[in-house]
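The structure appears below as structure tokens.
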Amino acid sequence: MYGVAAGSHLTSLAVRTAGLTKAYAGRTVVAGLNLEIPSGVVSGFVGPNGAGKTTTIRLLLGLVRPTAGTGSVLGEPLQHPARYLWQVGAMIEGPAFMPGLSGHDNLLCLAQAGGLPPIRVRQALERVGLADRGRDKVRSYSLGMKQRLGIAAALLPAPRLLVLDEPTNGLDPAGIAQMRELIASFRDEGMTVFVSSHLLSEVELVADHLVVIRAGSLVFQGTVQQLAQSQVPHIIAAVEHAADAGVVADIAGALDWDCEITAPGEVRAPLPPTTSGSEASARAAELNRRCHAAGVTLIRLDVSRPTLEDAFFGLTGTSSGDIR
Ligand SMILES: Nc1ncnc2c1ncn2[C@@H]1O[C@H](COP(=O)(O)OP(=O)(O)O)[C@@H](O)[C@H]1O
Ligand SMILES: [Mg+2]
């Protein structure tokens, strides 16, 4: 585990903020975030476009000043970025490189500017699988290669914390899978990775921990399992004749279940989140028997367990990631 840093009593947190807020011209774009990102995990930072992910990342990297709130990165206060930035690697919003220079030479310029040993350039290129193409001009690189070069640049300081802003944006499925493997390998080496995406699907397979924001505010923070469990399973019953939905609702009511008619002829009854699969089936069977006894024919009877995507939709109001 990482050592105890001055001023930090929670050494297992790589990032911690309290009330972190940023307003531009009076418009709040990051609203009172209380982040707790554990060390040594991949934390996925998700929210629709415009939710404030990049701004939050800029705040954490000391690139913009908070309007209010405090925080620490690797145990050092946000007000003193120089104390922690040397251990942080970052790639924000599609890295810019000089297209006429090779990948190698672009990194060499960065290493020299950062006072880092030139040997790191070759190591970083190898680490992201670009050693073979390092001498080619960046203008000949695919988008996926440019993204990997961006990550190589972020690796130059040999960081403990790697912050990647939308590294899978625009990549094809193969590129996304490669990026996922790369991110998992950084975690396996002990780095903490904070990786943003507007699409849950692009981080859910690699993230241990999730931070979900919407319109600048935190809507969920915790493990992927906790997000899945935050969703309530339902029994959904559809009747042959829409007019019978009220009878089904009465039957469910007599069983002491909450329920509502959600569409003509469709009744939904939420189940307690801890309901097991067999318990849910038993309830569905009981509803079916009682409906049958009451002369109501069901044309559908399902137990629905919401997916992670449903949970994300419920929290952010979007699954496409493109609506604020
Ligand atoms: N420098 C800035 N000045 C004014 N508004 C900004 C600035 N940077 C970002 N914003 C606004 O803040 C909101 C959040 O943007 P951003 O952090 O880029 O979101 P995300 O990365 O989640 O897509 C957007 O409405 C954006 O227009
Ligand atoms: Mg962004």
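Using the Cβ of SER196 as centre and a radius below 11 Å, the other residues enclosed give a net charge of -3, where K and R count +1 and D and E count -1. Computed with every protein chain present, the accessible area of THR297 is close to 70 Å² [probe 1.4 Å]. Solvent exposure of the chain amounts to 46 Å² per residue of accessible area, where only protein heavy atoms count and the probe is 1.4 Å.
Neighbours of PRO159, meaning other residues whose beta-carbon lies under 13 angstrom from its beta-carbon, give a summed charge of +3 when Lys and Arg score +1 and Asp and Glu score -1.
For the range 80-175, a crude dipole built from +1 on the beta carbon of Lys and Arg and -1 on the beta carbon of Asp and Glu, taken about the Cα centre, is about 300 debye to the nearest 20. Think of each Lys and Arg Cβ as +1 and each Asp and Glu Cβ as -1; about the Cα centre, that makes the dipole of the chain roughly 1460 debye. Normalised by the number of residues in the chain, the mean separation of alpha-carbon contacts (under 8 Å, six or more apart) gives a relative contact order of 20 percent. Under 28 Å of direct C-alpha separation, and excluding same-chain neighbours fewer than eight residues apart, LYS53 reaches these lysines: LYS22, LYS146. A Förster radius of 30 Å, combined with the Cβ-Cβ distance separating SER304 from ALA174, puts the computed FRET efficiency at roughly 0.40. Against the chain, whose longest principal axis is taken from its Cα atoms, helix 103-113 shows a tilt of about 70°.
Using a probe of 1.4 angstrom, how much of the accessible area of the chain is carbon and sulfur, in percent?
Ligands and nucleic acids excluded, carbon and sulfur give 53 percent.
Cα convex hull, the range 25-119: 154 Å³ per residue, rounded to a whole number. Size of the range 13-229 from its Cα atoms: along the principal axes, largest to smallest, the extents are 45, 36, 33 Å.
Ordering of 107-113, 131-137 by packing is 107-113, 131-137, highest average first (other Cβ atoms within 10 Å, averaged per residue). Computed on the Cα atoms alone, the convex hull of the range 115-268 gives a volume of 180 cubic angstrom per residue.
Using every pair of separate Cα atoms, the Kirkwood estimate puts the hydrodynamic radius of the range 203-324 at 16.0 angstrom.
Amide H to amide H distances under 5 Å link VAL219 with VAL212, ILE213, ARG214, where only residues 5 or more positions off or on other chains count and H is placed in the peptide plane.
When both the range 288-309 and the range 119-188 are represented by their alpha-carbon centers, they are found 49 Å apart. Positive-end ranking of THR55, LEU308, VAL41 along the dipole of the chain, with charges on Cβ about the Cα centre, is headed by THR55.
Protection proxy ranking, highest mean first, for peptides 218-224, 30-36: 30-36, 218-224, where packing is the per-residue count of other beta-carbon atoms within 10 Å, averaged.
Close amide H partners of LEU164, meaning residues 5 or more places away or on another chain with modelled amide H under 5 Å apart, are MET91, PHE194, VAL195, SER196.
Taking a ≥ b ≥ c as the square roots of the eigenvalues of the Cα gyration tensor, an a/c ratio of 1.5 or more together with a/b no larger than b/c marks the range 50-104 as oblate. Here SER230 and LYS137 are evaluated by their C-beta separation; at R0 = 35 Å the FRET efficiency comes out at 0.15. In plain terms, if you count all Cα to Cα distances in the range 234-305 and split them into 5 Å steps from zero, the share in each step is 3, 19, 34, 27, 13, 4, 0 percent.
The values are calculated or read from the model by the stated rules, or taken from the named source; none is laboratory data. Quick caveat: nothing in here was measured; it's all calculated off a predicted structure. Cβ atoms come from the backbone with ideal geometry, glycine included; neighbour counts cover every protein chain shown. These accessible areas exclude ligands, DNA and RNA; they are computed on the full protein's heavy atoms, side chains included. Shrake-Rupley method; radii C 1.70, N 1.55, O 1.52, S 1.80 Å.
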